[in-house]
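The values are calculated or read from the model by the stated rules, or taken from the named source; none is laboratory data. Not measured: the values here are computed from a predicted model. Backbone-built Cβ (ideal geometry, glycine too); neighbour counts: all protein chains shown. Quick note on the areas: whole protein, heavy atoms, side chains included, nothing else; ligands and nucleic acids left out. Shrake-Rupley method; radii C 1.70, N 1.55, O 1.52, S 1.80 Å.
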Amino acid sequence: MAEDLKPGKIVKVAGPLVVAEGMEGSKMYDVVRVSEKRLIGEVIELREDLASIQVYEETGGIGAGEPVYPTGSPLSVELGPGLIESIYDGIQRPLDVIRIMVGDYITRGVDIPALDREKRWHFVPTVQPGAEVGPGDIIGTVNETVLVVHKIMIPPRMRGKILEIAEGDYTVEDVIGKIETPEGVRDLSLIQRWPVRMGRPYSEKLPPIVPLSTGQRVIDALFPVGKGGTACVPGPFGSGKTVIQHQLAKWADAEIIVYIGCGERGNEMTDVLLEFPELKDPRSGEPLMKRTVLIANTSNMPVAAREASVYTGITIAEYFRDMGYSVAVMADSTSRWAEAMREISGRLEEMPGEEGYPAYLSARVAEFYERAGRVKCLGSDGREGALSVIGAVSPPGGDLSDPVVQATLRVVKVFWSLEDHLAYKRHFPAISWLNSYSLYYENLDPWLTENVAPDWVDLRSEAMRILQEEADLAEIVRLVGVEALSPNDRLTLEVARSIREDFLHQNAFHEVDTYTSLQKQYEMLKVVLYFGRAAREALERGVPITAIEKMAVRERIARAKYEPEDRIDDIRAIKDEIDKEMETLIAATVE
């Protein structure tokens, strides 16, 4: 508790909202401790000496007259070695440590530091005494896990001359060196604190020009997201939002993953907690947890803590971005966070906006997504970091006019529309190729053209055109049947079906099909479209459409997705088979 701030007194308790009087000196978003149980709360409204407090723990049994202790500081997270492999709740309490100390259920008022105070880390300095350093400069490293080198940085508001610094084994609170600043000599340690509602500073924001490769074909080939980009995955219950979030967490080529389970059902978070330690990182063969931070805030935890979990996750992600890493944040789901805002807003008796959500819903959602980006980090070495944010939205009944979906779509640049009718047909990922979009083509196409294939953009345009033509023909087929169509239109339907079933359909649980590199995606799509072009030529030369539909090579095209990454040449070889079989058909027709 701040020494000069006197305790206040509770005058009203309404669920997660507590109103206290006598709170002079408190500021907005200051942390307070509510009652003798010392529950964590945050000041969200001030009127003279009355403070409205959002409490992040269960308030049952707390009543008027009990004390409220101000701390004088905002809700902050601890940043330092020990974050990776941790599992936190919304207010950065380590759940694995709590389980050891108090059992399977978190008791109220539990206050355990986020970073282990006993564990020693081997610190290797990268600067010498006498060096002039400024905000963001790297002064040393700690090997946090086999996959992550934790870079110890000068805090954003500090600069000066290093007086002493030494290699050794330290806890996060030990003094690792001293720095002479304009305000005097300060101690340096491995830990920093940062208020969660404030974005961490950087030198310059840069456009995202490299795709965040995810290994999911419908995303990478048709609707890519850039490193430092934002994407939204809305969809109804059962359409596969969580599976897509898990797939992206496993396979996206980000160096650090921060997974925020915000108000989702406990069993979904359990899947993550059980799966991730078992999963092997495809690039290193190490467990995926060795580069992951999990924030678990399930639907049975206090509602107000959902808001904290979103901010806690993005602040931890910004910290790793500042080290020069590519970081991906999966927020599942931001609808639950918005529901928490709606509940607190209702209890504050604020004027409601659309569907009861607070009027500031759009502003809060925009503030969150704006913290994504590819940036030039603070520090004299000019390093770059990227923070990509992918948020799942759970609109009631899959209604895309829901205020949370609309507020999200106004700020994100990629929209992956999940359709329940695709999920019911067992087409996964159930991302609609007709309704989804990406606004990153202009930024990413030069990189894809140079690094994957010169005709990547042409193939994507051709595939999208064929899928659109199929949608236009679908109405006619429903009315009069396939047989009434011209051979050309029937071929369009066959090629579109091949794009859908042989290319876009992907099995998340198949050891080979779960991930596809950009190079393999290119070869697969090229073969499908090559078949379409060759078949159109054959049609013009008199080959009947029924013969083309029954070609044996189509089975090879369908099996291409199961070819391992080291056998891409086998996929390229299918083109020769197509040519041979087409020649045979044309020869038979001419005779």
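Here are some notes:
- Only one entry in Pro207, Pro195 is touching a helix residue (DSSP H, G or I) at 6+ places or on another chain (Cβ under 7 Å), surrounded by fewer than 20 Cβ atoms within 10 Å (Cβ to Cβ), more than 30 Å from Gln506 (Cα to Cα) and of a type outside the set (A, V, I, L, M), namely Pro207.
- Evaluation of Val310 against (1) surrounded by fewer than 22 Cβ atoms within 10 Å (Cβ to Cβ); (2) of a type outside the set (D, E, K, R); (3) not in a loop (DSSP other than H, G, I, E, B) (one fails), failing number: (1)
- Among the numbered conditions (1) part of a strand (DSSP E or B); (2) more than 25 Å from Val375 (Cα to Cα), the only one that Asp174 does not meet is (1).
- Restricting Thr270, Thr214, Thr242 to residues that are closer than 23 Å to Ser309 by Cβ, among the polar types (S, T, N, Q) and crowded, with 21+ Cβ neighbours inside 10 Å narrows the list to Thr242.
- Condition check for Glu164: on the phi < 0 side of the Ramachandran plot, open to solvent by 40 Å² or more (accessible area, probe 1.4 Å) and touching a Gly at 6+ places or on another chain (Cβ under 9 Å): yes
- Count of residues meeting criterion [open to solvent by less than 30 Å² (accessible area, probe 1.4 Å) and not in a loop (DSSP other than H, G, I, E, B)] in region 75-119: 6
- Checking each residue in region 1-42 for being assigned to a loop (DSSP other than H, G, I, E, B) and open to solvent by less than 50 Å² (accessible area, probe 1.4 Å) picks out Ala2, Leu5, Gly15, Pro16, Gly22, Met23, Ser26, Ser35.
- Considering Pro207, Pro201, Pro113, the condition of being farther than 30 Å from Val34 by Cβ and in contact with a strand residue (DSSP E or B) (Cβ under 9 Å, 6 or more places away or on another chain) is satisfied by Pro207 alone.
Per-residue answers, yes or no, for (1) over 15 Å from the mean Cα position of the chain (by Cα); (2) closer than 16 Å to Tyr259 by Cα; (3) crowded, with 22+ Cβ neighbours inside 10 Å:
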site	(1), (2), (3)
Phe320	no, yes, yes
Gly324	yes, no, no
Met330	no, yes, yes
Ala340	yes, no, yes
Arg347	yes, no, no
Met351	yes, no, no
Gly356	yes, no, no
Ala366	yes, no, no
Tyr369	no, yes, yes
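- Within region 501-538, the set of residues being in contact with a Pro (Cβ under 7 Å, 6 or more places away or on another chain) and surrounded by fewer than 18 Cβ atoms within 10 Å (Cβ to Cβ) comprises just one member, Val512.
- Residue identified as modelled with pLDDT of 90 or more and of a type outside the set (A, V, I, L, M, F, W, C) among Arg306, Arg347, Arg336, Arg283: Arg347
- Answer from Thr171, Thr126 - the residue that is open to solvent by less than 20 Å² (accessible area, probe 1.4 Å), farther than 19 Å from Val327 by Cβ and of a type in the set (Ser, Thr, Tyr): Thr171
- Any hit, region 562-575, residues being within 23 Å of Leu485 (Cβ to Cβ) and within 41 Å of the chain's Cα centre (by Cα): no
- Pair list, Cβ under 9 Å, 6 or more apart: region 56-72 residue among the acidic types (Asp, Glu), other residue surrounded by fewer than 15 Cβ atoms within 10 Å (Cβ to Cβ) and assigned to a loop (DSSP other than H, G, I, E, B): Glu57/Gly109; Glu66/Glu36
- Scanning region 540-561 for residues that are under 20 Å from Asn507 (Cβ atoms), open to solvent by less than 50 Å² (accessible area, probe 1.4 Å) and over 32 Å from the mean Cα position of the chain (by Cα) gives Arg554, Ile557.
- The residues listed here are Asp576, Asp569, Asp513, Asp489; of these, the one that is touching a residue at least 24 places away in the same chain (Cβ under 8 Å) and of a type in the set (Asp, Glu) is Asp513.
- Where Asp49 falls short, out of the listed (1) at pLDDT 95 or above; (2) touching a Gly at 6+ places or on another chain (Cβ under 6 Å): (1)
- Condition check for Tyr88: among the aromatic types (Phe, Trp, Tyr) and farther than 30 Å from Phe320 by Cα: no
- Scanning region 146-155 for residues that are open to solvent by 20 Å² or more (accessible area, probe 1.4 Å) and not aliphatic (A, V, I, L, M) gives Lys151, Pro155.
- The one condition in (1) closer than 17 Å to Ala407 by Cα; (2) open to solvent by 10 Å² or more (accessible area, probe 1.4 Å); (3) out of contact with any Asp or Glu (no Cβ under 7 Å at 6 or more places or on another chain) that Gly382 fails to fulfil: (1)
- Spans of strands (runs of 3 or more DSSP E) in region 182-242 with at least 1 residues in contact (Cβ under 8 Å) with a residue 60 or more places away in the chain: 192-195, 204-206, 230-234
- Scanning region 442-481 for residues being among the β-branched types (Val, Ile, Thr) and loosely packed, with under 13 Cβ neighbours inside 10 Å gives a total of 1.
- Every condition in (1) under 30 Å from Arg47 (Cβ atoms); (2) at pLDDT below 95 holds for Ser380 except the one numbered (1).
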